[in-house]
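Below: one structure, written as structure tokens.
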Amino acid sequence: MTRPDEEERKPDKNETQLSEHFITMALVIQAMEDVNKYLNKHQDSRTANWFLMSSPFYTLGICISYVIIVKYIGPKFMENRKPLQLKNVLIVYNFLQVVFSTWLFLGIGTAGWLNGKYNWRCQPVDYSDDPETLRMVSYSWWYFFSKFTEFLDTFFFVLRKKNDHITTLHVIHHGVMPMSVWFGVKFTPGGHSTFFGFLNTFVHIIMYTYYMLSAFGPEMHKYLWWKKYLTTLQMVQFVGIMVHAFQLLFIDCNYPRAFVWWIGLHAVMFFFLFKEFYTQSYSRRRKAAAAAAAGVASSSPAKLANGNANGYVYQNGHTKHHSQQNGYHRHSSTQNGIFKQNTSASDYYMNGHIPAEIEHRIKSQ
């Protein structure tokens, strides 16, 4: 007969939950190992041992961490802190991105697309160890690496408390690209898919040049009238990538169909995301400006005198504000010895947000 103290002890609730967690963790680890084995079975052996290429989960973890930092941890950390002034840092950073993008563009171009070696209609992947071929393989990895350096764009927004710039489009674009390019470097480093990086680095040369000049301050904004065309350039880029990729669906080309769809559908997704951004950022702003102008025109002199009609009229590229608040006139001339400078409409478009003074008045209404 078994004594009471010798009876088998039943595990308590916490021990049961801990055991379940260990089992779940073991199953997840096993699944990750199975995925790695499958991918490594079909990988390009030339990039197999390169940094971050042995498993997709390193890159995936970095991308997930990026989203968590820029959407939650970063803004929470800066919530009760003053925004950092990073003018010189931004100038240097964007200059280095211009140099890096130029190096990649010329490298990818001279390794294939600009020297007549690559066929614009169909370019199979060369899996040989030819030195010129390995150049393209190397540039493919560096293009993958460049996607991580672009995370700094968002980190600087967080540190400067430009949270309105951290849009869904921005986070998706930066967060998805490293993972997308990883598969290309893992299986098809070279060939038809490198056109994506070739065209994208060219666009980034122009884009980061704009960011660098804009970082110098308002005195440069009058030279940056072409900012609104950057989004159009981005959309043209994705159309070019779509056409270049999907043409392989209609011709005989020794290139993996899976990557044709992978690249083409990414271009489709980003095209519509950027198109929506363009519509919201420019078309709606123009309509809002027109509505505000109409509101000023229809307001009575009495309302204007009382400061109840805070209209903003776009005239020759400038915004003029006419109102009287607490006994002070605010417009583009000297009143009572106080000069109030015009707010340039270009500032609104170049900086992507409403000037602080205007934004404060809108919120206070």
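Residue under question is residue 222, and the condition is that it be farther than 18 Å from residue 173 by Cα, assigned by TED's automatic domain parsing to the domain that holds residue 124 and at pLDDT below 90; does it hold? First the steps, then the outcome.
Values: farther than 18 Å from residue 173 by Cα: yes; assigned by TED's automatic domain parsing to the domain that holds residue 124: yes; at pLDDT below 90: yes.
So residue 222 fits the description; yes.
I'd like to verify a number: residues in segment 131-152 that are modelled with pLDDT of 95 or more and among the acidic types (Asp, Glu), how many?
Within segment 131-152, residues that are modelled with pLDDT of 95 or more and among the acidic types (Asp, Glu) number 1.
Please go through segment 64-99 and give me each residue that is outside any helix (DSSP H, G or I) and in contact with a Phe, Trp or Tyr (Cβ under 8 Å, 6 or more places away or on another chain), ordered by number.
Selection gives 86 alone.
Taking residue 177 as the residue in question, decide whether it is in the same structural domain as residue 79 (by TED's automatic domain parsing), free of Cβ contacts under 8 Å to residues at least 60 places away in the same chain and crowded, with 19+ Cβ neighbours inside 10 Å. I'd like the intermediate steps shown before the answer.
On the way: in the same structural domain as residue 79 (by TED's automatic domain parsing): yes; free of Cβ contacts under 8 Å to residues at least 60 places away in the same chain: yes; crowded, with 19+ Cβ neighbours inside 10 Å: yes.
Answer is yes for this residue.
Just give me the residues in segment 69-113 being surrounded by fewer than 14 Cβ atoms within 10 Å (Cβ to Cβ) and charged (D, E, K, R), in sequence order.
Result: 76, 79, 81, 82, 87.
Filter segment 180-213 down to the residues that are farther than 30 Å from residue 123 by Cβ and in contact (Cβ under 8 Å) with a residue 24 or more places away in the chain and list them by number.
Step one: list which residues in segment 180-213 are farther than 30 Å from residue 123 by Cβ, which gives 210-213.
Matches in segment 180-213: 211, 212.
Pairs only if they're at least six apart or on different chains, beta carbon under 7 angstrom, first in segment 25-52 and farther than 14 Å from residue 184 by Cα, second in a loop (DSSP other than H, G, I, E, B); list them, first residue then second.
36/55
List the residue pairs whose Cβ atoms are under 7 Å apart, where the first residue sits in segment 55-80 and is of a type in the set (Phe, Trp, Tyr), the second is modelled with pLDDT of 95 or more, and the two are 6 or more positions apart or on different chains.
58/52; 66/151
The values are calculated or read from the model by the stated rules, or taken from the named source; none is laboratory data. No experiment lies behind these values; they were computed from the predicted model shown. Every residue, glycine among them, receives a Cβ derived from its backbone with ideal geometry; neighbour counts consider all protein chains shown.
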